[in-house]
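To start, the structure under review is shown below, and the notes come after it.
The values are calculated or read from the model by the stated rules, or taken from the named source; none is laboratory data. Every value quoted in this text rests on a predicted model; they were computed, and no experiment measured them. Backbone-built Cβ (ideal geometry, glycine too); neighbour counts: all protein chains shown.
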Amino acid sequence: MEKYKLNRTVEQFNYLIQGMLEHTDSLRDKSNSSYQYGLVDVVQALNLVPETWERVDYIRLTDEMGDTIQPFIRNGNITIDFYLGGKTVQESGGDLSYAFSDKLCREIVQNVFYPLHSAARAAHVLTDKSYTYYGNSFCADGRRCLKDITPIEINNVCKSCDNGKSVCILVLDM
């Protein structure tokens, strides 16, 4: 059952991203400022949001696994933040993902981000550390390339998120 849920989540994330890629030019026209322009209304109007997801506000959605998805545009770049396991604000400050799944993280990096290496500007995994892998057009000058990411790197990056100390955010910039 777990593999089914992982596959379903990956499929839903891919559907959202592919739909947004089809509308890249019209989406980029929404904002060229440094302000985050939430795209929840837009992706809902385009029927890219599964019925099982819930709208939180203009910038956040949650899926049935408890993950938070934030599609937005800033500086003309389409960005989607994936808070795996959701995001809980701690009383002591900072955010934490109590239900983080390193298996889902690996599936997303390998089966969602990696295949987009030619379309993506960059893919980031953010926790108390930051890992950035650049898409083909931005992969130069010694930068880590998304097309060259290995299963061992994916495993290590996702394991670093499973530290119980901070939130884990997977970010796709297009």
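For this structure, a couple of remarks:
- Segment 20-41, subset in a helix (DSSP H, G or I) and surrounded by fewer than 19 Cβ atoms within 10 Å (Cβ to Cβ), residue nearest to the chain's Cα centre (by Cα): LEU21
- The residues listed here are ILE17, ILE80, ILE73; of these, the one that is at pLDDT 95 or above, in contact with a helix residue (DSSP H, G or I) (Cβ under 8 Å, 6 or more places away or on another chain), assigned to a strand (DSSP E or B) and surrounded by 15 or more Cβ atoms within 10 Å (Cβ to Cβ) is ILE80.
A quick yes/no check of all residues on (1) touching a strand residue (DSSP E or B) at 6+ places or on another chain (Cβ under 9 Å); (2) modelled with pLDDT under 95; (3) part of a helix (DSSP H, G or I):
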{"position": "LYS103", "(1), (2), (3)": "no, yes, yes"}
{"position": "PHE113", "(1), (2), (3)": "yes, no, yes"}
{"position": "SER166", "(1), (2), (3)": "yes, yes, no"}
{"position": "VAL171", "(1), (2), (3)": "yes, no, no"}
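- Restricting the first member to segment 1-28 and to residues that are under 17 Å from VAL109 (Cα atoms), and the second to residues that are surrounded by 12 or more Cβ atoms within 10 Å (Cβ to Cβ) and among the charged types (D, E, K, R), the beta-carbon pairs closer than 7 Å and six or more apart or on different chains are LEU6/LYS103; LEU6/GLU107; THR9/ASP63; VAL10/GLU107; GLN12/ASP63.
- Consider segment 55-70 and keep the residues that are of a type outside the set (A, V, I, L, M), touching a helix residue (DSSP H, G or I) at 6+ places or on another chain (Cβ under 9 Å) and touching a residue at least 24 places away in the same chain (Cβ under 8 Å). The one that is surrounded by the most Cβ atoms within 10 Å (Cβ to Cβ) is ASP67.
- Pick from segment 119-137, criterion of a type in the set (Phe, Trp, Tyr) and modelled with pLDDT of 95 or more, ranking: surrounded by the fewest Cβ atoms within 10 Å (Cβ to Cβ): TYR134
- Scanning segment 148-164 for residues that are in a loop (DSSP other than H, G, I, E, B) and either more than 18 Å from the chain's Cα centre (by Cα) or closer than 11 Å to LYS129 by Cα (or both) turns up THR150, ASN163, GLY164.
- THR52 vs. criteria surrounded by fewer than 14 Cβ atoms within 10 Å (Cβ to Cβ), in contact with an Asp or Glu (Cβ under 8 Å, 6 or more places away or on another chain) and either more than 18 Å from LEU172 (Cβ to Cβ) or not hydrophobic (A, V, I, L, M, F, W, C) (or both): yes
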